1. Any idea which residue in the range 66-97 is most open to solvent (accessible area, probe 1.4 Å), counting only those that are free of Cβ contacts under 8 Å to residues at least 24 places away in the same chain and not in a helix (DSSP H, G or I)?
2. Report yes if some residue within the range 272-281 is at pLDDT 95 or above and surrounded by 13 or more Cβ atoms within 10 Å (Cβ to Cβ); otherwise report no.
3. Filter the range 113-130 for residues that are among the aliphatic types (A, V, I, L, M), open to solvent by less than 90 Å² (accessible area, probe 1.4 Å) and over 21 Å from residue 51 (Cβ atoms) and give the result.
4. In the range 333-362, which residues are open to solvent by 10 Å² or more (accessible area, probe 1.4 Å) and assigned to a helix (DSSP H, G or I)?
5. If you go through the range 98-112 one residue at a time, do you hit one that is in contact with a Phe, Trp or Tyr (Cβ under 9 Å, 6 or more places away or on another chain), open to solvent by 40 Å² or more (accessible area, probe 1.4 Å) and assigned to a strand (DSSP E or B)?
6. Limited to the range 44-61, what total is found for residues that are at pLDDT below 85 and either small (Gly, Ala, Ser) or buried (at least 17 other Cβ atoms within 10 Å of the Cβ) (or both)?
7. What do you reckon, is residue 209 assigned to a loop (DSSP other than H, G, I, E, B) and either at pLDDT below 95 or surrounded by fewer than 21 Cβ atoms within 10 Å (Cβ to Cβ) (or both)?
8. What pairs can you find where one residue is in the range 319-339 and over 24 Å from residue 112 (Cβ atoms), the other is part of a helix (DSSP H, G or I), and their Cβ atoms are less than 6 Å apart, with a gap of 6+ or different chains?
Amino acid sequence: MMLPASSAIVAYILLLAPLTIALSVWDGVIGSDQRMALHRYASKAGLEHKSFSRPLDRSNNGNNIIERTLDAILTEIESKDNNIHGKQQYVEYWTRQEWRHIEAHSDVDEALAKMHDQNPSLLVDDELESKFSATYSNTHGFRFPSNGHVLYLQVGSGVKGPTCVFPSRSSGGDLLQSNEHQEKACATEGGNHQNNGDIKLVTVPAVSGRLLRFDGQDLHAVPRPHDLWMLPFVKGGAEYKPEEVWGRSVILFNVWPGEEDPPLNVSLDSNEGGEGEAHTNELCNAFSEWDEVDVVQNTQIEVPDTQESNQSVKVWLLGNERRRGYPMRTANLLSPAHGGRDSLRKALSEKSLVTELLLRQQ
C-alpha cells in the first residue's frame, strides 16, 4: 500500500538477497579486552604505514600486538579456505582513531604510484604487469592489494561513520564508465562485473569488534557528515572530542601476495615487540565464534508520492586526476530509483545493518 503524500514516514522493506561480490562482514571477531589493548597501542602507533611478513612464527615475540592479532585473524579466515591457507603474505597496516571524512579511493602501492607520477617514462605498464602479475592493473595503472580490511575497535556514541564500498569499481572514472566498458575491463583482468548500469554501494556501519574484508581493488570511502554526498555545503568544523562520543578507532590493513614484492618503501618486519604492551592470551576469537553479518539488499521501498528518485549524489574522490581516473573532484550519480536520497540517507545512518543499494549514472 502506498503511503499518503502527506505522511512524513518512509517505509522500507528490506529483503535478504545473495550477492556475487567479494565482500564479507563478521561481528564478534575480537573480545572487549583485546579491543581495548589494541586501541591503546594503536593510539601510539599513529597513521604511519607498516608491514610484516606472515604467517608468523608463534615462538618469536618480536611482533607487536597489532601484527600478532592481524596474523591470528587471517589464520582463522584461511582455516576455511585451503587455497590460501599457509601461503606467504605481506600485511600492510595503519591506524586511525577519529571519525574523519575519507574521500572515495582504492588502496594502492602508494610509493610506486608516486614514482610513476614523478617519472612516468621510467615505468612501463607491460614491465610492471609482468613483474606484478597478481596485483598490477594495466587498465588503471596501479598496483592493488589482494584484499582490504577494516577492524573496528571502538566507536563513539555520536558516530555515523560507515565504510562505503563500491564493489568492482576502482576509481571515480569507473563510477561513470559505460557498463559495456566496465564489463570489458573486468573480464580482461578476471574480476567481477555488474550485470547492468547500476552502481552497487555497500554501506558497513562501524561496530566495535566488527571486521570488514573486501576486494583490494574496490573503491571505498567514509563520509563525514554521513550524508555529505547529498549536502550542497557543510557548515562549521567537525568535532573529535570527547573520544567516547566522536572516536572511531580502527585498524586498516591490506594483504599482498608473498610471491611478489611488498609495497614499496613501507617499513617491513621492524620487530618492535610489545613495547610494554602485554599480549592477551586470546588474540582473536575462533572463526566458529564469528557472527557473519548478512548484507541486506534494499529491494523494495514504499515512499510518499512526492518522493523524487532522480536526485543527485555527489561522491567526493581522493587523489590526483590519474588516481581519480576522472578530471573532476566529484563523481555525480543519481540516488536509488526506489527511495531516492531517503533510502541512501537511512543506510548511511544505520548503527549496525549492512546494506546494499544501487546508485545510477546520470
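1. 82
2. no
3. The first filter runs over the range 113-130 and keeps only residues among the aliphatic types (A, V, I, L, M), leaving 113, 115, 122-124, 128.
From what's left, open to solvent by less than 90 Å² (accessible area, probe 1.4 Å): 113, 115, 123-124, 128.
If the condition is that a residue be among the aliphatic types (A, V, I, L, M), open to solvent by less than 90 Å² (accessible area, probe 1.4 Å) and over 21 Å from residue 51 (Cβ atoms), then 123, 124 are the ones that fit.
4. 341, 342, 345, 346, 349
5. Yes, because at least one residue in the range 98-112 is in contact with a Phe, Trp or Tyr (Cβ under 9 Å, 6 or more places away or on another chain), open to solvent by 40 Å² or more (accessible area, probe 1.4 Å) and assigned to a strand (DSSP E or B).
6. The total comes to 3.
7. Details: assigned to a loop (DSSP other than H, G, I, E, B): yes; either at pLDDT below 95 or surrounded by fewer than 21 Cβ atoms within 10 Å (Cβ to Cβ) (or both): no.
Taking the combined requirement at face value, the residue does not satisfy it.
8. Once the first residue is over 24 Å from residue 112 (Cβ atoms) and sits in the range 319-339, its partners that are part of a helix (DSSP H, G or I) give 331/172; 331/175; 331/176; 335/341; 335/344; 336/343.
The values are calculated or read from the model by the stated rules, or taken from the named source; none is laboratory data. Computed from a predicted model, the values in this text were never measured in an experiment. For neighbour counting, all protein chains shown are included, and Cβ atoms are generated from backbone atoms with ideal geometry for every residue, glycine included. Only protein heavy atoms, including side chains, enter the accessible area calculation; ligands, DNA and RNA are left aside. Shrake-Rupley method; radii C 1.70, N 1.55, O 1.52, S 1.80 Å.
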